[in-house]
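K.L.:
After the structure tokens below, expect a handful of questions from me.
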Amino acid sequence: MANSMLINVTSLAMICLILGIPIANAVQTCDEIKTSLASCLGYLTGSEPSVPVMCCNGVQTVDDQAKSLPERKDACECIKSTLASIPGVDPNAVQDLPNKCSVKPSFPIGADADCSQISV
């Protein structure tokens, strides 16, 4: 009986692993990008003096997930439009954010970024 249970649990784990791979590699939506970067808002608007660790984790996650050229362009456009819609965002803080997080993004970040210039 225990051996049968072990086989069932192992089989279930393998099914979850196999089904989970495409979900983990799914393209991130603009809403997911916004959620990942939400903890940066305080720093970008000047209400927080330093960049929160969660913000840097979000910056890294967004960059890591934007693997293909279309994904990088989409992430760039999402961030650009989002920043443009938030009053009080300091453009210098936006430009400094990747450096403060020790992340070298594969696409430009900013309200005035030219997302069409992103190349392979």
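The values are calculated or read from the model by the stated rules, or taken from the named source; none is laboratory data. Remember, predicted model here, so these are calculated numbers, not experimental data. The protein model used for the area step is the full one, side chains on, heavy atoms only, and it has no ligands, DNA or RNA in it. Shrake-Rupley method; radii C 1.70, N 1.55, O 1.52, S 1.80 Å.
K.L.:
Read phi for every residue in segment 86-96 and hand back ³J(HN,Hα) as whole Hz from Karplus 6.51 cos²θ - 1.76 cosθ + 1.60, θ = phi - 60°, with x for Gly and Pro.
P.N.:
Residue by residue, segment 86-96 yields 9, x, x, 6, 7, x, 5, 5, 4, 5, 7 Hz.
K.L.:
Could you give the accessible area per residue of segment 65-116, probe 1.4 Å, as a whole number in Å²? Let's see the in-between values first.
P.N.:
Details: 2910 Å² over 52 residues.
Value for segment 65-116: 56 Å² per residue.
K.L.:
Same structure, new question: Give me the number: length gained by fully extending GLN117 to THR45, i.e. 0.36 nm times residue separation minus the C-alpha to C-alpha distance, one decimal in nm.
P.N.:
23.2 nm
K.L.:
Here's another thing I want to ask about it. Roughly to the nearest percent, how much of the accessible area of segment 46-96 is carbon and sulfur, given a 1.4 Å probe?
P.N.:
Whole-percent figure for carbon plus sulfur exposure: 55.
K.L.:
Would you mind classifying segment 45-87 by shape? Square roots of the alpha carbon gyration tensor eigenvalues, ordered a ≥ b ≥ c; an a/c under 1.5 is rounded, otherwise it is prolate if a/b is larger than b/c and oblate if not. Walk me through the numbers before you get to the answer.
P.N.:
Details: a/c = 4.87, a/b = 1.40, b/c = 3.49.
It comes out oblate by the Cα gyration axes.
K.L.:
Calculate one ³J(HN,Hα) per residue across segment 36-51 by plugging θ = phi - 60° into the Karplus curve 6.51 cos²θ - 1.76 cosθ + 1.60, and present them in order as whole Hz with x for glycine and proline.
P.N.:
Once rounded to whole Hz, the list reads 4, 9, 4, 6, 7, 4, x, 5, 5, 9, x, 7, 10, x, 10, 7.
K.L.:
In addition: Which ³J(HN,Hα) values in Hz, rounded to whole numbers, follow from the phi angles of segment 78-84 under the Karplus curve 6.51 cos²θ - 1.76 cosθ + 1.60, where θ = phi - 60° and Gly and Pro get x?
P.N.:
4, 5, 4, 5, 5, 4, 5
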